[in-house]
Amino acid sequence: MKDIVCFGMLGCMGRFGMFFAAGLVVASIAGCYQRPAWPPCVLEVTPECGDSGSSGGVGESETETPGPIATVTMVHPTSSTGTGDDGSESISTSGSGELQPPTIVDMTLTPNPLKSAGIVAVEVTVKDAGVAVSMTVDGGEPIALVPAQDSATLFEGEIVVFGESWNGEHEVVAIAMRDEEVSAPWPETFKVEAPAAGGEVWLDKSGPVPSFGNAVDVDDQGDIVELFTWSGMDGQQCLIRRRDSGGKKLWAGDGYQVAPGDCVGEAVKFAPDGTIWVLVNVYENGFPRWQLWHLGAGGLPLGPPEVGGLTHLGRGLDVNADGDVLLCGTAPATEDDDDAWVRLLPAAAKPWTETWDYVDPIEEEEHWFNERTQDCAFVEDRIVVVGEAWGKHHNGGLESQNRGFVVEFSPAAAKLAEVVNPPAFAWHSSHQAVAPDGKGGYVAVGYNCEPMTTPCNNTRGALRWFSLGATEVKMQPVTNADVLNDVALSPAGYAVVAGVALQIDQGFLVQAWSSDSSEPVLHYQSMQTQLQVATGIATDPVGFIVAGGYYQEADDSLAAGVAMVHPY
């Protein structure tokens, strides 16, 4: 579960990087997204925003508010005082020797207006040191500010704004406190004028062609790493490149080669220390073998790769806040059967690998199905692996079918739960990717195919939300998509997906979905080319959406591309 910063009536803010170095209220919230009432996370009326408890540390205390209001951990700054020439503390007093009442003398909100998703910086100046300062936004919960490093009378904070849903004016009210004394409130307003959600911020296509994009990720500062595959005279090469938040390439050339040999990219993730993990499949005489590379922030290898067995394919990759690395894929179990595998590389423990074979509850035969793993993710205290089980299901007649599967493991490699999609919604189905849903569960995306035929080519995109225990909560068909290839959790609380639209000349598809709605929160399709596919997706700390994929141009060249989209 991600740390969320809730500003009362205004919504939920994902915690990230240095932006929250200033004093903000941090609450652990299972789900803070509401539709159609916006902005998301109206604490007074949204039970989902209740907190299961926030852990405090030194200098922290917990304040519980009744009903659906979130449990808030408020960071109380140590009492600030001025310092005399001899290093002693000095606090202004009246002529009688008593402390003067706390007084605010100024407050600034910048930028104002805010023209897109981003940060509003808050500065409050008080008359005398030795006070604590807090603010509320639109009458919401108090948010503690922290003293500036170089001043005992200046306090700082930030407000994270996620985009169009915040458009309009908002009131910020600051108060200063000393013991039981409270200053007069100081109100200020700021305005948000963000562009419409789903609008294109920028789009950039690859120089080397033919190439196709495999995956993207975004770090805490908004930098983007892009993994793509280029087909040259000597075969295919896996390349990565880094961009800033404006799309500018930060490394020389067209990209850095990840692995020697004939290579196809699979997944890329930033680690919390700024390094980069890359999963690829390298082909030797036509047979694949996965390789996991650890690169520095500048794109250069930090050592030799970890290498899988021959014909063992890598498919999914994730890195958690502790630096643990998760990867998964498919490997042969018998001559006629593939099993799923998952491998954990803990930052402070020994790695392990576990396999999984789906056994039909009626047939009860091992190695009856081919388990084709597609992705894996850290979710709460569990590891979730998704893909498709291909074979003759007991309620599927005589023909083989694809059906999406979900398996949950503990960090100690114990299998905790599993489920294979029933034929209730679709005769064929698949999960192509998985991500946390921000509410304690997860969402898997892929496709459904209703016709009772094999092969089934009339696929349609689908999202399925699950609670822990592999219990499906909701299935959402996406009728204007052929398949959804990737999913990520936005800090604004909704799931963003990348896929292929039915209209393939504008097939580069990005949408955002909530489990509370049957319509997308936002929708984006690229400008027309011969063919387009979106393969990977990620979000930056203030919700901007970054999607990667490829485009077939008018001259039939195939070019990898990355687009940034305005959030809601």
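The values are calculated or read from the model by the stated rules, or taken from the named source; none is laboratory data. Here the structure is a predicted model, which is why all the values come from computation and not from measurement. Cβ: placed from backbone, ideal geometry, glycine included. Neighbour counts: every protein chain shown. Side chains are part of the model used for accessible areas, which takes the heavy atoms of the whole protein and leaves out ligands, DNA and RNA. Shrake-Rupley method; radii C 1.70, N 1.55, O 1.52, S 1.80 Å.
Using amide H atoms built in the peptide plane, which far-off residues or other-chain residues are under 5 Å from G198 H to H?
Those qualifying (amide H under 5 Å, at least 5 residues apart or on another chain) are H566.
State the Cα centre-to-centre distance between the range 115-176 and the range 534-568 in whole Å.
34
A252 label point, 7 Å along Cα→Cβ, cut-off 19 Å on backbone N: hits in the range 224-239?
239
In nanometres, what is the gap between the two model label sites at T479 and A297, each 7 Å from Cα along Cα-to-Cβ?
4.9
Using mean Cβ contacts within 10 Å as the protection proxy, how do 441-449, 360-368, 326-334, 416-424 order, highest first?
Peptide ranking by packing, descending: 441-449, 326-334, 416-424, 360-368.
Show T311, T471, T539 ordered by accessible area, largest first, where the area counts protein heavy atoms only and the probe is 1.4 Å.
Highest to lowest solvent-accessible surface, that is T471, T311, T539.
With 31 Å as the limit, write out which pairs from K127/K439; K205/K439; K205/K269 have Cα-Cα distances beyond it, or answer none.
K127/K439; K205/K439
Keeping the other protein chains in place, figure out the carbon and sulfur percent of the accessible area of the range 327-381, with a 1.4 Å probe.
Carbon-and-sulfur percentage of accessible area, whole number: 44.
Each residue of the range 484-492 in turn: what ³J(HN,Hα) in whole Hz from Karplus with 6.51, -1.76, 1.60 and θ = phi - 60°, glycine and Pro shown as x?
9, 9, 8, 8, 8, 8, 7, x, 7
Holding the Cα-Cα limit at 32 Å, pick out from K350/K392; K191/K474; K115/K248 the pairs that are longer than that. Write out the running numbers ahead of the final one.
Values: K350/K392 38 Å; K191/K474 36 Å; K115/K248 21 Å.
Long pairs (Cα-Cα over 32 Å): K350/K392; K191/K474.
Give me the net charge for the shell around T103: Cβ to Cβ below 9 angstrom, other residues only, Lys and Arg +1, Asp and Glu -1.
Values: positive: K127; negative: D128.
Neighbourhood net charge equals 0.
With a 1.4 Å probe and all protein chains left in place, how much accessible area per residue does the range 286-433 have, in Å²?
Here the residues of the range 286-433 average 42 Å² of exposed surface.
Where in the range 142-161 does the label zone of Q221 land, with the point 7 angstrom along Cα→C-beta and an amide N cut-off under 14 Å?
Counting only backbone N, you get no residues.
Can you give the accessible area per residue of the range 441-568, in Å², using a 1.4 Å probe?
Working: 3980 Å² over 128 residues.
Spelled out: the 1.4 Å probe surface of the range 441-568, per residue, equals 31 Å².
What FRET efficiency comes out for the pair M452/L502, r = Cβ-Cβ distance, R0 = 22 Å, nearest 0.05? Kindly include the intermediate steps, with their values, before the conclusion.
Working: r = 21 Å, r/R0 = 0.96.
Efficiency at R0 = 22 Å is approximately 0.55.
Taking the Cβ of W427 as the center, what net charge do the other residues with Cβ under 11 Å away carry, scoring Lys and Arg +1 and Asp and Glu -1?
-1
FRET efficiency for L310 and M233, Cβ-Cβ distance as r, R0 = 22 Å, nearest 0.05?
0.30
Order of 407-413, 487-493 by packing, highest average Cβ count within 10 Å first? Intermediate values should be presented prior to the final figure.
Working: 407-413: 16.9, 487-493: 27.4.
For the peptides 407-413, 487-493, the packing ranking is 487-493, 407-413.
Which order do peptides 347-354, 263-270 fall in by mean Cβ count within 10 Å, highest first?
263-270, 347-354
Specify the inter-centroid distance of the range 253-317 and the range 363-413, based on alpha-carbon positions, in whole Å.
25
In whole Hz and in residue order, list the ³J(HN,Hα) couplings for the range 252-258 that follow from phi through the Karplus curve 6.51 cos²θ - 1.76 cosθ + 1.60, θ = phi - 60°; x for Gly and Pro.
5, x, 8, x, 9, 6, 8
Can you give the translational diffusion coefficient of the range 435-568 in µm²/s, computed by Stokes-Einstein from the Kirkwood radius over Cα pairs at 4 °C and 1.567 mPa s?
So the translational diffusion coefficient is about 86 µm²/s.
For the residue pair S151 and K115, what label-to-label distance in nm results when each label sits 7 Å from Cα along the Cα-to-beta-carbon direction?
The modelled label-to-label distance comes out at 2.6 nm.
Does a label point 7 Å from the Cα of E284, set along Cα-to-beta-carbon, have any residues of the range 300-320 with amide nitrogen under 15 Å, and which are they?
The answer is 305-314, whose backbone nitrogens lie closer than 15 Å to the label point.
Non-local amide H neighbours of L145 (under 5 Å, H modeled in plane, Pro and chain starts lacking H): which ones?
Residues meeting the criterion, in which the H sits 1.01 Å from N, are V133, S134, M135.
In whole Hz, what ³J(HN,Hα) sequence does the range 415-427 give by Karplus (6.51, -1.76, 1.60; θ = phi - 60°), x for Gly and Pro?
6, 9, 6, 8, 7, 10, 4, x, x, 4, 8, 7, 5
Hey, if we sort E193, E180 by accessible area with the 1.4 Å probe, largest down, what's the order?
Numbers: E193 65, E180 175 Å².
Per-residue accessible area, sorted high to low, gives E180, E193.
In nanometres, what is the gap between the two model label sites at E418 and E363, each 7 Å from Cα along Cα-to-Cβ?
Placing both labels 7 Å beyond Cα along the Cβ direction yields 1.3 nm.
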